[in-house]
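FYI, it's all coordinate maths here, none of it is from the lab. All values reported here derive from a predicted model rather than from experimental measurement. Positions of Cβ are backbone-derived with ideal geometry, glycine not excepted, and every protein chain shown enters the neighbour counts.
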């Protein structure tokens, strides 16, 4: 499928991400090490802790009774902007989906000590399409702490993004990575949070991307104040969905929705 608009990433950024792009296509997942600088990592860590102080544990088996999940991160803090807009991540996602993309959801995922392993699932199950189908979305999990098998690193089933049937009993491997790294997986990949056998919480930030013609899992138009969005650069606005897909999808009054952000030129 050809892109409906020029990509956000550059040719050079996609070339630099070629190894991650190849791994994502072949295995269904990849890791980009050292993707977040120490200053941004420290800020993200402080903000995750702040949000956790306001967030009760999930109230379901799937969410994890010892897991805290805060949502709408971009509507609550600017500390997560570098994660959502990471050039390496955006380049990898655009190349993998070969389509115009948008941000779908952001959340913290903090596994407390004693958390059980999550049921295996695939993230694009929110879209009711029979498998196999082309890739629809990519999930990025930022390691705010080191992700290890002991503290609940995400478990993945390599190659399962290409399977027709989902086997919830499939053997998994832990997606281990040091803090500041980001793991990406195809929305079709079978995976689940690991069990935290350590004595410390395992903090992560999830940023989900989807093709721009799909409905976002989090309604970004209501999650963020348009006066805040108006201050973002045009690439970030496009990533949040303030743009058209093709000539007509997403119009407001017959026009590109960016006209509702009067401070933006062009």
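Between the helical axis of 18-27 and the longest alpha-carbon principal axis of the chain there is an angle of about 60 degrees.
Using a Gaussian network model of the chain in which every pair of alpha carbons under 10 angstrom is joined by a spring, one finds that among 230, 44, 88 the greatest mean-square fluctuation is at 230. Label positions at residue 234 and residue 50, each projected 7 Å from the Cα along the C-beta direction, are separated by 3.1 nm. Entry note, the chain: the mean residue ellipticity at 222 nm calculated from DSSP H runs of n ≥ 4, each adding -39500 (n - 2.57), is -6000 deg cm²/dmol after division by the residues and rounding to the nearest 500. Using alpha carbons only, how many degrees (0 to 90, rounded to 10) separate the axis of helix 87-97 from the longest principal axis of the chain? In the chain, helix 87-97 runs at an angle near 80 degrees to the longest axis.
Largest mean-square fluctuation among 182, 93, 173, in a Gaussian network model of the chain whose springs join Cα atoms under 10 Å apart, belongs to 173. Comparing Cα centroids, segment 85-161 and segment 5-33 end up 15 angstrom apart.
Hey, what's the per residue convex hull volume over the C-alpha atoms of the chain, in cubic angstrom?
Numbers: hull volume 34.4 nm³, N = 266.
Per-residue hull volume (Cα only) is 129 Å³.
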